[in-house]
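The values are calculated or read from the model by the stated rules, or taken from the named source; none is laboratory data. Note that the structure is predicted; figures quoted are calculated from it, not measured. Ideal geometry is used to build each Cβ from the backbone, glycine not excepted, and the neighbour counts take in all protein chains shown. Quick note on the areas: whole protein, heavy atoms, side chains included, nothing else; ligands and nucleic acids left out. Shrake-Rupley method; radii C 1.70, N 1.55, O 1.52, S 1.80 Å.
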Amino acid sequence: MLLLPAAAGLAVFEIWPTFQTIYYSFTSWGAFGGHAWSGLENYRTLIADSDVFHAIVNTAIITAITLLAVPLSAVVAALLSLPGMRGVTIYRTLYFLPVVTLPAAVALTWKWLFNGDYGLINWLLSKIGIDGPHWLSDPATAIFAISIVGVWGSIGYNMVIFLSGIRGIPVDYYEAAELDGAGRLAQFFHVTVPLLTPSIFFVTVITVINSLQAFDLIYLMVGQQSPAIERTETLVYLFYQRGFAEHDGGYAAAIGVLLLIATLILTAAQFRLQKRWVHYG
């Protein structure tokens, strides 16, 4: 009975819409919302659609780069856990700010920073003699600019998880390592990292799932009219484009099912591989 409210919300807002999306992926939709059964037609179109292939590649690139936030967060958490570190509360607050900041505010701020004409990043580069590119309109750099923001936005949440994990490591292990002559760096790699692998595994899974759903930064920072949109378009952005801009709900649902399958495969692979590198206790 205590679980019933949460279970009901999960069923109504998560499980039922998932089955609806799977059903709609086998239908064709009109401009005014009506739909009819079309079988595998959407999936045949999906396989032959070059935009889907480009979206998969872009999503994979963003996910791979955003995963850099995992080791960076572990290093930051370890540094903030050092005895005698001053201003720890201030640093934690600064790192966690992106997590509680509205995505629109984050996107607009970074859009200004990456501006090719008057952005702060290019201004700083000009001071050392580098002519910075138009980061968000150049197809060669736009996806990396988006990924950098993804890394920056992930560090705060990951850091909180890692700090909790580090606090759970007995101090005796560090004292024993210090007696054996291990320095701070050796303690990090031989004590902290092995005992932090459960937290690293959890954070990696969450980071991959969130990266596969990248949309808001691309929509707000790059925009539909940008020449770089093809090089930054992810599966979720393509889903939005087909479903809400072109009103092809059936094909958009098929893209959603593809994203669901990709998420399930990657998550299952991570759970299978955890036995080789995750150490409990």
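A few notes on this one:
- Relative to the longest principal axis of the Cα atoms of the chain, the long axis of helix 193-212 makes an angle of roughly 20 degrees.
- Listed residues 219, 280, 162: farthest to the positive end of the dipole of the chain (Cβ charges): 280
- The trypsin sites (Lys or Arg not before Pro) found in segment 1-93 that occupy coil by DSSP, while having at most 12 further C-beta atoms within 10 Å, are 86.
- Each residue of segment 171-181 was assigned a 3J(HN,Hα) from its phi angle through the Karplus curve 6.51 cos²θ - 1.76 cosθ + 1.60 (θ = phi - 60°); the sequence is 5, 4, 5, 5, 5, 5, 5, 5, 5, 7, x Hz, with glycine and proline shown as x.
- Kirkwood-Stokes translational diffusion coefficient of the chain, alpha-carbon pairs, 25 °C, 0.890 mPa s, µm²/s: 114
- Using alpha-carbon coordinates, inclination of helix 88-100 to the longest axis of the chain, degrees: 10
- Accessible surface, per residue, of segment 1-142 when the full set of protein chains is kept, probe 1.4 Å, Å²: 65
- Within the chain, the longest run free of exposed loop sites, counting chymotrypsin sites (Phe, Trp or Tyr not before Pro) that sit outside DSSP helix and strand states (H, G, I, E, B) and have at most 10 other Cβ atoms within 10 Å, spans 119-279.
- Segment 174-281 - accessible surface per residue (Å², probe 1.4 Å): 54
- Given +1 at the Cβ of Lys and Arg, -1 at the Cβ of Asp and Glu and no other charges, the dipole of segment 50-275 around its Cα centre is 420 debye to the nearest 20.
- Along the axis of the charge dipole computed for the chain (Cβ charges of +1 for Lys and Arg, -1 for Asp and Glu, origin at the Cα centre), the listed residues 252, 193, 25 are led at the positive end by 193.
- Computed from phi, the 3J(HN,Hα) profile of segment 245-257 under the Karplus parametrisation 6.51, -1.76, 1.60 (θ = phi - 60°) reads 8, 9, 6, 9, x, x, 5, 4, 5, 5, 5, x, 5 Hz, with x in place of Gly and Pro.
- Scaled radius of gyration (Cα, divided by 2.2 N^0.38 Å) that segment 1-139 gives: 1.63
- With an a/c value of 1.5 or above and a/b not larger than b/c for the gyration tensor axes a ≥ b ≥ c computed over the alpha-carbon atoms, segment 6-77 is described as oblate.
- Degrees, to the nearest 10: 69-80 long Cα axis against longest axis of the chain: 30
- For segment 85-228, the fraction of 1.4 Å probe accessible surface lying on carbon and sulfur atoms is 65 percent.
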